[in-house]
Amino acid sequence: MLKRDRSSVGSERDGSRGLVLKRHRSSLVELVVPHDVVELILERLPVESLVRFKSVSKSWKSTIESHLFQERQFIRRMQSRGPDVLSVFLSFSGTSDVDVPNTVDERIVLGSSVACTFRFPVTGSMICHGSCDGLLCTYCVYTPSVVVNPATGWHQTFPLSNLQKFLADRYDKHDYVYATPRLGFGKDKLKGTYKPVWLYNPSDFGGLDSNVTTTTCEVFDFSTNAWRYVHPASPYRVNNYHYPVYLDGSLHWLTECEEPKVLSFDLHTETFQVISKAPISPERDEPYKVIMCILDNRLCVCERKGLTQVIWSFDDSSSGGNKTWKKLYSLDLTGTLFWFHELNFPLAPIAILDKNKILLQGRDCLEQPMIHDLHANSYELLFGPETSGYPVYYYQSLFSALST
């Protein structure tokens with residue numbers, strides 16, 4: 001006669017009882033509490049809990065996976081707390097397939113915001129500025145790019161653009177001397193579709209559309225899984241030192257001019273327009289001393305002069321349609337010399353945390369992100385001195401790039 005371990009039999013019975021009890025409770029909730037009330041309760045829960053609760057019942061799974069619920073949950077999350085921060089570590093394994101288990105090494109609470117370090121085994125050496133609806137986009141000029149939702153683990157790889165194929169061929173031929181283009185990532189707010197965008201100066205890459213004197217634009221379409229050109233592209237050359245930034249349905253670049261302009265690309269109409277002159281006039285041989293960023297849902301331009309960094313905020317809400325730049329902050333960078341020794345580039349503002357603190361990052365991902373207290377005029381590292389990564393602000397969401 002076969003003997004069975006009593007403890008295993010008991011655990012099986014307990015598991016069966018637990019499963020029946022779980023289903024019974026969910027049925028009772030659906031009977032006693034109206035479903036619209038259940039939705040209101042679910043909207044207030046963190047994404048991690050919502051991912052687990054999809055297994056409670058078919059109706060809960062259907063609700064949590066519906067786009068309208070995901071939009072309401074995301075809006076409530078943005079209204080109830082400040083942005084979170086991820087310090088992202090990228091893998092350089094070179095594999096094309098992606099798995100996204102997250103390992104949290106450090107966690108710091110700053111007011112209503114949480115800063116964490118995450119390790120993503122994704123291919124790519126760079127990450128797009130900020131986030132879009134809780135989605136991050138990592139890329140490399142030689143390998144397929146990846147869109148990741150760090151809260152749910154969803155991810156999608158998309159193929160090389162024509163620019164990347166050209167650069168990969170140059171790389172294989174051991175030709176490494178060319179500009180480094182920056183990928184933009186944003187959302188068509190009217191259609192709800194997400195779009196990676198390359199905008200580059202072909203003349204910076206010998207042999208690539210060398211007859212084009214201005215720019216070339218490529219947009220990726222997730223519905224067709226293919227890149228396409230946008231015509232006409234920008235009439236102004238773009239500054240390769242700067243990352244494009246996304247805000248309110250448009251991507252923005254700084255132009256390569258004596259008087260730099262802010263170039264906007266509407267992700268719905270797919271048209272370019274200059275929305276303003278930049279509030280600075282950097283020397284032509286020092287274009288790297290100016291950067292763009294998004295702070296507190298505002299388009300900003302930063303300029304460093306010596307040990308002073310000025311942050312300008314774009315204001316297009318004035319009466320009469322006037323668009324002006326207002327000085328938001330003037331930072332004394334003397335206190336950062338202990339960590340950076342010398343400052344060749346501005347410190348990139350990542351997010352405003354806990355109302356009076358700015359998260360700053362050096363241009364090199366190996367430089368540690370630091371917190372600047374505006375009231376105390378002090379600086380301190382966000383994490384320990386051994387921690388580095390790409391800091392990005394984001395709000396947790398349930399979205400994927402395939403959401404409609």
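Here are the numbers for the structure shown:
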quantity: Mean Cβ neighbour count within 10 Å, used as a protection proxy, ranking 69-75, 236-242 highest first; calculated: 236-242, 69-75
quantity: Carbon and sulfur %, accessible surface of region 144-188 computed with the full protein complex present, 1.4 Å; calculated: 52 percent
quantity: Around Glu71: net Lys/Arg minus Asp/Glu count, Cβ-Cβ under 13 Å; calculated: +1
quantity: Whole-Hz ³J(HN,Hα) from phi, Karplus 6.51 cos²θ - 1.76 cosθ + 1.60, for region 165-176, glycine and proline x; calculated: 4, 5, 5, 5, 5, 4, 5, 4, 8, 6, 9, 10
quantity: Among 135-146, 350-361, 107-118, the order from most to least packed when residues are scored by Cβ within 10 Å on average; calculated: 135-146, 350-361, 107-118
quantity: Highest average packing first - 302-314, 190-202, Cβ atoms within 10 Å; calculated: 190-202, 302-314
quantity: Rounded percent of accessible protein surface that carbon and sulfur make up, region 232-311, 1.4 Å probe; calculated: 44 percent
quantity: Gain in span if fully extended, Val32 to Leu190, counting 0.36 nm per residue against the direct Cα distance; calculated: 53.1 nm
quantity: Candidate lysines - alpha carbon under 27 Å from Lys289, same-chain residues fewer than 8 apart omitted; calculated: Lys261, Lys277, Lys305, Lys323, Lys326, Lys327, Lys355, Lys357
quantity: Karplus-derived HN-Hα couplings along region 303-308 (A = 6.51, B = -1.76, C = 1.60, θ = phi - 60°), whole Hz, x at Gly and Pro; calculated: 9, 9, 10, x, 9, 10
quantity: Portion, in percent, of the accessible area of region 36-75 that falls on carbon or sulfur, probe 1.4 Å; calculated: 62 percent
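The values are calculated or read from the model by the stated rules, or taken from the named source; none is laboratory data. Remember, it's a predicted structure, so these values are computed and weren't measured experimentally. A quick note on method: Cβ atoms are made from the backbone with ideal geometry, for glycine too, and the neighbour counts reach across all protein chains shown. Keep in mind that these areas ignore ligands, DNA and RNA; they rest on the heavy atoms of the full protein, side chains included. Shrake-Rupley method; radii C 1.70, N 1.55, O 1.52, S 1.80 Å.
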